[in-house]
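Student: Okay, handing you the structure first.
Only the coordinates and a few stated rules stand behind these numbers; no lab work does. If you're wondering where the values come from, they're calculated on a predicted model, not measured in any experiment. Cβ atoms come from the backbone with ideal geometry, glycine included; neighbour counts cover every protein chain shown.
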Amino acid sequence: MKLALSFLLLASLLVAVSSSSSAAEEEFDFFYLVQQWPGSFCDTRQGCCFPDDTGRPATGFGIHGLWPNYAKCKTAFNDEPNAAPGLESAINKRRKKKCWPEYCNNGEPLKLGQIADLLATLNANWGTLSCKNKKSFTFWAYEWKKHGTCSGLAQHDYFQAALRLKAQHNLTGILAQAGIVPSDDKTYFLSSIRDAIKEGTGFKANLECNRGVGGETQLFQVYQCVDVSGEKLIDCPLPMQGNCQDRVQLPAF
């Protein structure tokens, strides 16, 4: 009898510790709203493909994800498999340090019915460009499973939050107002891009670059920091180690 009670007590303690750990993992300090320039995604050796069901996405910055992050790490890096060259080792270091939560709530799967009313807007603003899987829903399901499950938001609210933020702060339009428009010939000062985004949104953004097929430096992704409610932009609590040159391209798409 004593052995049985001891076993039950131990089991209860393990469940409590597990629950506490899961809850702690879901606490975070800010979101990254990550938007990528499709021309820079496509102008690489890996190239790009358009979704089978919806075709070419709208011209302009597209959402990559809305990622919960901790503020305990000194530098911030993209944690996705398409990271620019030179960032992979830093990404692995941040992953080991648990610089962001991921796969919370047992990786709850995304349900299409939860985002049915958002599909048209999602297809236009959050479409996949990967040739490995040309289904945008697969892309959204991955982003939800890895990042969204740790956001504290319901499925519909998570995707709606990212779409709303993108619409409120139109990066393509903001850069165009500063004379920064897509071109395969022109280059732009990185400082001019930073200043334009700060002027247009009221907040600084972190920038990531990649290399084009000709070796040119391209603006690839823009990281905007968002409060934990997912409702408004904030100043980024972390600096991001730059991999951009002083001048960059914004290739046509």
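Student: With a/c under 1.5 counting as rounded, go ahead and sort the range 28-250 into rounded, prolate or oblate using the C-alpha gyration tensor (a ≥ b ≥ c being the square roots of the eigenvalues; past the cut-off, prolate if a/b is larger than b/c, else oblate).
Tutor: It comes out rounded by the Cα gyration axes.
Student: Continuing with the same structure: In what order do GLU216, GLU27 fall by count of nearby beta-carbon atoms within 10 Å, going from fewest to most?
Tutor: So the residues, fewest neighbours to most, are GLU27, GLU216.
Student: Computed FRET efficiency, Cβ-Cβ of GLN168 and ASN133, R0 30 Å: what is it to the nearest 0.05?
Tutor: According to the calculation, E is roughly 0.50.
Student: In nm, give the distance between the simple-model label positions of VAL228 and ASP29, each being 7 Å from the Cα along the Cα-to-Cβ direction.
Tutor: 1.2 nm
Student: So which chymotrypsin sites (Phe, Trp or Tyr not before Pro) in the range 161-215 are both in a DSSP loop and have at most 16 other Cβ atoms within 10 Å of their Cβ?
Tutor: When the chymotrypsin sites (Phe, Trp or Tyr not before Pro) of the range 161-215 are filtered for loop state and at most 16 Cβ neighbours within 10 Å, PHE203 remain.
Student: Right, next: Quote to one decimal, in nm, the extra length available between ASP246 and VAL181 on full extension: 0.36 nm per residue of separation minus the C-alpha distance between them.
Tutor: 21.7 nm
Student: For the pairs LYS145/LYS186; LYS132/LYS232; LYS134/LYS166; LYS186/LYS232; LYS146/LYS166, flag any whose C-alpha to C-alpha distance is greater than 29 Å.
Tutor: LYS145/LYS186; LYS132/LYS232; LYS186/LYS232
Student: Short version: ³J(HN,Hα) in whole Hz for each residue of the range 215-232, in order, from phi by Karplus 6.51 cos²θ - 1.76 cosθ + 1.60 (θ = phi - 60°), x for Gly and Pro, what are they?
Tutor: So the J values, rounded to whole Hz, are x, 6, 7, 10, 5, 9, 9, 10, 9, 10, 8, 10, 5, 5, 7, x, 9, 8.
Student: Something else now. Can you compute the charge dipole magnitude of the range 28-250 about its Cα centre, using +1 on each Lys and Arg Cβ and -1 on each Asp and Glu Cβ, nothing else charged? Give it in debye, rounded to the nearest 20.
Tutor: 600 debye
Student: Which of the residue pairs LYS98/LYS204; LYS72/LYS111; LYS135/LYS204; LYS111/LYS198; LYS72/LYS204 have a Cα-Cα distance greater than 30 Å in the structure shown?
Tutor: From the list (LYS98/LYS204; LYS72/LYS111; LYS135/LYS204; LYS111/LYS198; LYS72/LYS204), the Cα-Cα distance tops 30 Å for LYS72/LYS111; LYS135/LYS204; LYS111/LYS198.
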